[in-house]
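Taking it in order: structure first as structure tokens, then the write-up.
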């Protein structure tokens, strides 16, 4: 009971610390801005022109061409790379960067949702956006078909009308066809995109919507294709198309000569302009509790975003639990094959363990996804389970070797003297003594596995962390979604740790109750 109380006390303490950090962080920023503004004339933003940012830190999203565009206009700027747009906003509000780059419609929507942002008026550059296709016969054929449709769609004025709705219209006007019910007379197309770039692509509830999704839907509907949409990180889009795991991608990809070396582009469907977003100087007058209530509403209630967290939790639990089960079976099986000193099996197991343990987990995931299983239509969840099974299995193998090695050799000799076989000696004598030794390490490895699952977004898996990123991309806030993710991970660790602790009690005689140990034994004879 005391142990459980400690778990929940720690959970409460973490929630309290993060909440106070949110409050004090906002207070500190506002106070410092107020002090700076006392001796200066109040203006709307910290900067009024892009050229005032020469030599400053500018944030860009990894995989975009914004870094090249910013350096062309501001040669002495220091470029800072971030994975998602939500990370850019968090870094700006934390004063880690002075500005960040983005497409004009995207930045304007961000500024509407987040009053602390201001979009500078000048364009850094204008560029064309296009869909991308693989450099294969199938990709070329599909690109030609898309270009013919797009040309006619432009002539009919429908593309301009669609663009106006999604870029300038109200949210109620932005409706999509039910593409999941398309008859798919000519087969199904897979579209890869990043659902964190409104108004082009973003999540509404648990569905990806946006201008680029609408374009893909209209194309597929007119050509008799079914459509499946896969969400992933922006910098994974081109490798995903190259590997043939998706047929095309429409994800605000600017048409550049360098990208043309890797993929084929369609004709432009949108002319975009790059701008910079900076912080305003004005103070946020909302009270602490108003900010908390607003953050809670935007994170969980608005657009039923709690469903995203539920989906992410289920995915994380699926990957974690199956990896624990399969990893334990794998590690134990390899140990059994190697325990009697077979030189071949020991050599193979040592080499494989060296490869798996020496490779960063995120690299292992991408090697499996984009190289080993590149030509196989396999779900990212399965790849994640394989990767974590290999990692956890190698850890279990090491634990068993250490635990069995700690058992005195005399135990074997005594068992053999009693007529026990080698296998029976291991399962009846050695293993029961080994398990209590390895269980603490086993529990620690499980906790590490749960936290390590946060990287599966690199292979297009919508786990808890990735869902948190998606929510952050819609709320444009960092603190509250991150607090929610932290608390959820902590609860998952408590629940799985509790289950493993129950197992540990059942296999460790020192921790079992006397009644349990003597169950079925007559003590009154």
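The values are calculated or read from the model by the stated rules, or taken from the named source; none is laboratory data. Just so it is clear, the structure is predicted and the values come from calculations on it, not from any experiment. With ideal geometry, Cβ positions are generated from the backbone for all residues, glycine too; neighbour counts draw on all protein chains shown.
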Across region 256-269, what is the number of residues that are modelled with pLDDT of 95 or more and in contact with a strand residue (DSSP E or B) (Cβ under 8 Å, 6 or more places away or on another chain)?
6
So residue 142, is it out of contact with any strand residue (DSSP E or B) (no Cβ under 6 Å at 6 or more places or on another chain) and at negative phi
no
Looking at region 271-285, can you tell me whether even one residue there is assigned to a helix (DSSP H, G or I), in contact with a helix residue (DSSP H, G or I) (Cβ under 6 Å, 6 or more places away or on another chain) and surrounded by fewer than 21 Cβ atoms within 10 Å (Cβ to Cβ)?
no
Inspect all residues belonging to region 403-412 and state whether any of them is assigned by TED's automatic domain parsing to the domain that holds residue 329, on the phi > 0 side of the Ramachandran plot and more than 46 Å from the chain's Cα centre (by Cα).
no
Selection within region 167-199 - more than 23 Å from residue 270 (Cβ to Cβ), assigned to a loop (DSSP other than H, G, I, E, B) and out of contact with any strand residue (DSSP E or B) (no Cβ under 8 Å at 6 or more places or on another chain):
178, 185, 186
Can you name the number of the only condition in (1) assigned to a helix (DSSP H, G or I); (2) crowded, with 16+ Cβ neighbours inside 10 Å that residue 79 fails?
(1)
Going through 214, 236 one at a time, which residue ends up being under 19 Å from the mean Cα position of the chain (by Cα) and outside any strand (DSSP E or B)?
236
Among the residues of region 343-357, is there at least one that is under 27 Å from residue 465 (Cβ atoms) and without any contact (Cβ under 8 Å) to a residue 12 or more places away in the chain?
yes
Output the number of the condition that residue 419 fails; it satisfies all remaining conditions of (1) in a helix (DSSP H, G or I); (2) surrounded by fewer than 23 Cβ atoms within 10 Å (Cβ to Cβ); (3) modelled with pLDDT under 90.
(1)
Return the residue satisfying two criteria in turn: it lies in region 186-205 and is in contact (Cβ under 8 Å) with a residue 40 or more places away in the chain and surrounded by fewer than 16 Cβ atoms within 10 Å (Cβ to Cβ), and of such residues it is farthest from residue 82 (Cα to Cα).
188
